[in-house]
Amino acid sequence: MEPEFIHAIISAESAYKPNATSHVGAMGLMQLMPFTAKRFGVSNAYNPHQNIEAGIKYLKLLYDEFGSLELAAAGYNAGEGSVRKYNRSIPPFRETLAYVPKVMAYYRQYKRNRSLIALR
(Lines give C-alpha, C1' and ligand atoms only; values in the text may rest on other atoms or scores of the structure.)
Protein backbone atom coordinates (compact mmCIF):
# COMPACT_ATOMS: atom_id res chain seq x y z
CA MET A 1 0.00 0.00 0.00
CA GLU A 2 1.20 3.48 -0.80
CA PRO A 3 2.36 5.45 2.25
CA GLU A 4 0.19 8.38 1.15
CA PHE A 5 -2.92 6.19 1.29
CA ILE A 6 -2.03 4.82 4.73
CA HIS A 7 -1.52 8.35 6.01
CA ALA A 8 -4.82 9.42 4.44
CA ILE A 9 -6.63 6.67 6.34
CA ILE A 10 -4.91 7.62 9.61
CA SER A 11 -5.76 11.30 9.06
CA ALA A 12 -9.43 10.49 8.46
CA GLU A 13 -9.70 7.87 11.20
CA SER A 14 -7.90 9.35 14.21
CA ALA A 15 -6.12 12.55 13.16
CA TYR A 16 -2.95 10.82 14.42
CA LYS A 17 -4.22 10.30 17.99
CA PRO A 18 -2.86 6.89 19.09
CA ASN A 19 -5.29 6.63 22.01
CA ALA A 20 -8.39 7.54 20.01
CA THR A 21 -11.50 5.46 20.68
CA SER A 22 -14.65 5.85 18.61
CA HIS A 23 -18.24 5.68 19.84
CA VAL A 24 -18.50 2.18 18.31
CA GLY A 25 -15.30 0.89 19.92
CA ALA A 26 -12.72 1.37 17.14
CA MET A 27 -9.26 1.86 18.61
CA GLY A 28 -5.96 3.56 17.91
CA LEU A 29 -4.41 5.37 14.98
CA MET A 30 -6.17 3.35 12.29
CA GLN A 31 -9.31 2.86 14.40
CA LEU A 32 -9.35 -0.93 14.38
CA MET A 33 -12.57 -2.58 15.45
CA PRO A 34 -12.04 -5.29 18.09
CA PHE A 35 -12.88 -8.07 15.60
CA THR A 36 -10.41 -6.69 13.05
CA ALA A 37 -7.69 -6.34 15.68
CA LYS A 38 -8.22 -9.94 16.74
CA ARG A 39 -8.35 -11.11 13.12
CA PHE A 40 -4.88 -9.70 12.50
CA GLY A 41 -3.34 -10.83 15.79
CA VAL A 42 -3.23 -7.48 17.55
CA SER A 43 -2.80 -7.80 21.32
CA ASN A 44 -2.86 -4.03 22.00
CA ALA A 45 -4.78 -1.94 19.47
CA TYR A 46 -3.44 1.25 21.04
CA ASN A 47 0.14 0.25 20.29
CA PRO A 48 0.96 2.32 17.18
CA HIS A 49 3.16 -0.34 15.59
CA GLN A 50 0.63 -3.15 16.03
CA ASN A 51 -2.25 -0.92 14.99
CA ILE A 52 -0.63 0.34 11.80
CA GLU A 53 0.72 -3.08 10.85
CA ALA A 54 -2.77 -4.63 11.15
CA GLY A 55 -4.43 -1.67 9.43
CA ILE A 56 -2.07 -1.99 6.46
CA LYS A 57 -2.69 -5.73 6.21
CA TYR A 58 -6.43 -5.12 6.24
CA LEU A 59 -6.21 -2.36 3.62
CA LYS A 60 -4.09 -4.58 1.39
CA LEU A 61 -6.65 -7.37 1.71
CA LEU A 62 -9.42 -4.93 0.76
CA TYR A 63 -7.46 -3.48 -2.14
CA ASP A 64 -6.57 -6.93 -3.45
CA GLU A 65 -10.22 -7.95 -3.36
CA PHE A 66 -11.85 -4.78 -4.69
CA GLY A 67 -9.11 -3.38 -6.94
CA SER A 68 -9.42 0.31 -6.15
CA LEU A 69 -8.40 2.66 -3.38
CA GLU A 70 -11.92 4.06 -3.18
CA LEU A 71 -13.47 0.65 -2.58
CA ALA A 72 -10.70 -0.28 -0.15
CA ALA A 73 -11.52 2.88 1.82
CA ALA A 74 -15.24 2.08 1.66
CA GLY A 75 -14.57 -1.44 2.93
CA TYR A 76 -12.36 -0.09 5.69
CA ASN A 77 -15.16 2.19 6.84
CA ALA A 78 -18.30 0.14 6.23
CA GLY A 79 -16.85 -3.36 6.27
CA GLU A 80 -15.89 -5.58 3.37
CA GLY A 81 -19.26 -7.35 3.52
CA SER A 82 -21.06 -4.08 2.82
CA VAL A 83 -19.01 -3.45 -0.32
CA ARG A 84 -19.80 -6.98 -1.49
CA LYS A 85 -23.49 -6.54 -0.67
CA TYR A 86 -23.69 -3.41 -2.82
CA ASN A 87 -22.17 -5.14 -5.84
CA ARG A 88 -18.61 -3.97 -5.25
CA SER A 89 -19.57 -0.33 -5.04
CA ILE A 90 -19.50 2.24 -2.28
CA PRO A 91 -22.32 1.44 0.15
CA PRO A 92 -24.97 4.17 0.34
CA PHE A 93 -24.35 4.92 4.01
CA ARG A 94 -24.09 8.61 4.90
CA GLU A 95 -20.87 8.10 6.86
CA THR A 96 -19.21 6.07 4.10
CA LEU A 97 -20.32 8.45 1.35
CA ALA A 98 -18.56 11.25 3.27
CA TYR A 99 -15.59 9.13 4.36
CA VAL A 100 -14.37 7.96 0.95
CA PRO A 101 -14.03 11.47 -0.58
CA LYS A 102 -12.36 12.67 2.63
CA VAL A 103 -9.76 9.88 2.46
CA MET A 104 -9.18 10.45 -1.24
CA ALA A 105 -8.74 14.21 -0.69
CA TYR A 106 -6.07 13.51 1.95
CA TYR A 107 -4.48 10.97 -0.40
CA ARG A 108 -4.28 13.47 -3.28
CA GLN A 109 -2.93 16.13 -0.92
CA TYR A 110 -0.19 13.79 0.33
CA LYS A 111 0.65 12.69 -3.24
CA ARG A 112 1.09 16.33 -4.26
CA ASN A 113 3.13 17.26 -1.22
CA ARG A 114 4.88 14.34 0.48
CA SER A 115 6.48 16.71 3.00
CA LEU A 116 3.07 16.92 4.70
CA ILE A 117 3.52 13.30 5.75
CA ALA A 118 6.87 14.10 7.35
CA LEU A 119 5.14 16.70 9.51
CA ARG A 120 3.06 13.97 11.16
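The values are calculated or read from the model by the stated rules, or taken from the named source; none is laboratory data. As the structure is a prediction and not an experimental result, all values here were calculated from the model. Neighbour counts run over all protein chains shown; Cβ positions are idealised from the backbone, glycine included.
The table below lists the values:
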{"quantity": "Within segment 16-27, tally of residues that are within 22 Å of Y107 (Cβ to Cβ) and free of Cβ contacts under 8 Å to residues at least 24 places away in the same chain", "calculated": "4"}
{"quantity": "Out of E4, E53, E13, sole residue that is among the acidic types (D, E), within 22 Å of Y110 (Cα to Cα) and crowded, with 22+ Cβ neighbours inside 10 Å", "calculated": "E13"}
{"quantity": "Some residue of segment 35-48 being within 26 Å of N113 (Cα to Cα), among the aliphatic types (A, V, I, L, M) and at pLDDT 95 or above", "calculated": "no"}
{"quantity": "All positions within segment 29-43 that are hydrophobic (A, V, I, L, M, F, W, C) and either in a loop (DSSP other than H, G, I, E, B) or touching a strand residue (DSSP E or B) at 6+ places or on another chain (Cβ under 6 Å) (or both)", "calculated": "L29, M30, M33, F40, V42"}
{"quantity": "Residue, nearest to the chain's Cα centre (by Cα), within segment 1-28, restricted to residues that are assigned to a helix (DSSP H, G or I) and farther than 20 Å from S115 by Cβ", "calculated": "E13"}
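Yes/no matrix, rows are residues, columns are (1) at pLDDT below 95; (2) polar (S, T, N, Q); (3) under 23 Å from G28 (Cβ atoms); (4) surrounded by 20 or more Cβ atoms within 10 Å (Cβ to Cβ):
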| residue | (1), (2), (3), (4) |
| --- | --- |
| K60 | no, no, yes, no |
| G67 | no, no, no, no |
| A74 | no, no, yes, yes |
| S82 | no, yes, yes, no |
| P92 | no, no, no, no |
| T96 | no, yes, yes, yes |
| M104 | no, no, yes, no |
